[in-house]
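See below for the structure under consideration.
Just so you know, all these numbers are worked out from the coordinates, no wet-lab data involved. Just so you know, these numbers come straight off a predicted model, no measurement behind them.
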């Protein structure tokens, strides 16, 4: 073999060796699956995962403040499944523990006995949902919604119109409405309230309602249309005594 051919062969071997040692497309060092783009240190999928994990850690460390931001009152900030008195409600509590962002139906949690933990269980559910990293949720006492509806009547203000109130409460994905049926309202207020309930059901946005009224009583107080909408979802009766009365402070 002459020297020219030998030199070409040497260079071909070198090029082949270099090519074999060149890294393939840069793979994400975190997942070892996705290709890095540009100057990424981790892929977009892992960036999203890292952001979610960081947010979940933040929520866990600041759960009281976040529950307050979501509408929970000071008295119920420490409510969780761990400190809920289950009693005869094992199946009900098990269901509420299983709630995820995949829920698309409404839930009515009622009990004729006041003070037996409906708000506690609702708050515990909200806490669990938040700690899972799902933040598109809110807690609101029903009288607060009715007050906003009343204030919107003929206000002429774009930030307090009937449409604004409806859009506000229909735009939240997971909504907890505490203590429905606690007060009687005007026909006009009830019509706006029905529009909220109906639209949320139509858009398959999960809503947890608590009440001291059964479905038949809700029909009498809030009307057949509201009762019908609520009956289409899950309905649970919470059993137990009035813990507030039993645990009242003594002098």
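Stick to the Cα atoms of segment 63-246, pair each with every other, and give me the Kirkwood hydrodynamic radius in Å at one decimal. It would help to have the intermediate numbers written out before the result.
Working: mean 1/r = 0.0598 Å⁻¹.
After inverting the pairwise mean of 1/r, the radius is 16.7 Å.
With contacts defined as alpha carbon pairs under 8 Å and 6 or more residues apart, what's the relative contact order of segment 43-192 in percent?
Result for segment 43-192 is 25 percent.
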**Report entry** Percent RCO, i.e. relative contact order, over segment 85-171, from Cα pairs under 8 Å lying at least 6 residues apart
**Finding:** 18 percent
